[in-house]
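Have a look at the structure below before the remarks.
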Amino acid sequence: MTTGPVLLSELGTDPASVLRLVAQFDALEEQEADADAAVRFAALAAQCPVSVCWPGGAVVRYDASGRPDPVGGDPVPASDGPEPVAWLERDGSGHPLDDVLLDRLRRVVRRVAARTGVSGTPHLGDPALLEVVLSGKEHREDRARAIRLLGLDETRPTCVLAASGHSPAATVRLITGELPVTTVRSAVIGNATAILCQGTFDMRELSDRLERVVVEHFPATVNTHTAAGPWVGIGSVGTAFSASTSWHEAVRALRFASSTGFGRRVVAYERLSSLELLADLPIDRVRRNRDVARINEIAATPAGELDVETTEAFFVYGSLRRTAAELHVHHSTVAARLARIQARMGWDFEDPVDRFLGTLVLMVRRIALSSAELADADLL
């Protein structure tokens, strides 16, 4: 495989420089690189965002650092025919070899279209096609065609993520910027965003890294009544044909992610282990549970909501002083809030059983809240 593109800034306008650039794109063709790899390669070489728009209107775009950035950028240039359109997004003057780079990029993506069957009306990246791939109800031959039209590889490891409906475009940018893969397709499905990616995955490392990124961009705060950013579920890895299973698992994992501000924002299905059984609890039964109903009653007032959220934070951070530091309050304030919850719930957090019970009640309550937010997505 080619280790990396030569940078245009290192090339002149002499014939040797032109041949060197052409040879790199020829190597991509020989490797049967997909459209994402070709556009990413071009963006790294040009050191600026590069996009390709397919005839159906779908755009594959990578920024100067080689990260997928499907939204934003310059307006799509007009197309004069059925060929894909490629363009650079430079802030200043162009490079003399920009036209050569674009010509070779268009050649590669045309070869991709010929090889995968992407041409004319079907769109690379069409959300409707992704829905077909993720559906367990479609015939295998229909899913196979959708996989090809999306430019996906049937044999590569495939994983699907489900993200909450918080600003889908920003969520896709945030997540795909951290994915260790170049092939990514996404679509908004109901109240969730599906993100399918192909590559090699270390699920523990991926979920922990995404957790850090989400928390960094959307730090949890108590009693602000503002969105805490996206929460994400990650399905298991399989083939493109098992993407529907991975999607179903991602949605189940999403119900364990924190829709209340504290707890894990990113949950991998395979790390749930036996906790996954809680996803099968009937939501109406959860809401009617005496302890859950009492917590909801407490949280119905501003002061009570503050106490409940502080308790959630305490279960996450593990100590009074750590919780106080994270919430930017004195540890005696945290202690007072916890005391009120313990008094009203009849719990003693010094007792391991009561502490586990409190953790469990807040977890199943979170599942119920998450399920309510996702209900309109017709995913559960």
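The values are calculated or read from the model by the stated rules, or taken from the named source; none is laboratory data. Quick caveat: nothing in here was measured; it's all calculated off a predicted structure. Methodologically, a virtual Cβ is constructed for each residue, glycine included, from the backbone with ideal geometry; neighbour enumeration extends over all protein chains shown. All accessible areas refer to the heavy atoms of the entire protein, side chains included, with ligands and DNA or RNA removed. Shrake-Rupley method; radii C 1.70, N 1.55, O 1.52, S 1.80 Å.
Sequence-distant contacts, meaning Cα pairs under 8 Å at least 6 residues apart, place the relative contact order of the chain at 12 percent.
Compared with the dominant Cα axis of the chain, that is its longest principal axis, helix 352-374 is turned about 50°. In the context of the full set of protein chains, residues of the chain present 46 Å² of accessible surface per residue (probe radius 1.4 Å, heavy atoms only). Straightening the chain between residue 325 and residue 356 buys 8.9 nm, computed as 0.36 nm per residue apart minus the Cα-Cα spacing.
Could you work out the local net charge near residue 289, counting Lys and Arg as +1, Asp and Glu as -1, over the other residues with Cβ closer than 14 Å to its Cβ? Display every interim value, and only then the final one.
Details: positive: 285, 287, 288, 290, 294, 365, 366; negative: 284, 291, 297.
My count for the surroundings of residue 289 gives +4.
How much mean residue ellipticity at 222 nm does the chain get from its helices, if each DSSP H run of length 4 or more adds -39500 (n - 2.57) and you divide by all residues, to the nearest 500 deg cm²/dmol?
Details: 14 runs with 179 residues, N = 380.
My calculation for the chain gives -15000 deg cm²/dmol from helical runs alone.
Using a probe radius of 1.4 angstrom, the carbon and sulfur fraction of the accessible surface of the chain is 51%. Given their separation in residues at 0.36 nm each and the Cα-Cα distance between them, residue 332 and residue 278 gain 16.0 nm when the chain is fully extended.
Can you give the FRET efficiency to the nearest 0.05 for residue 202 and residue 31, using r as the Cβ-Cβ distance and R₀ = 30 Å?
The computed FRET efficiency comes out at 0.75.
Need one number: nm distance between label points at residue 153 and residue 138, each 7 Å from Cα along Cα→Cβ, rounded to one decimal. Using points 7 Å along Cα→Cβ, the separation is 2.1 nm.
If you take all other residues with their beta carbon under 12 Å from the beta carbon of residue 212, and give Lys and Arg +1 and Asp and Glu -1, the sum is -2.
If you take all other residues with their beta carbon under 9 Å from the beta carbon of residue 133, and give Lys and Arg +1 and Asp and Glu -1, the sum is 0. Pick from 360, 150, 129: which is most flexible by mean-square fluctuation in a GNM of the chain where alpha carbon atoms under 10 Å apart are linked? Maximum fluctuation in the GNM of the chain, among the listed residues, is at 360.
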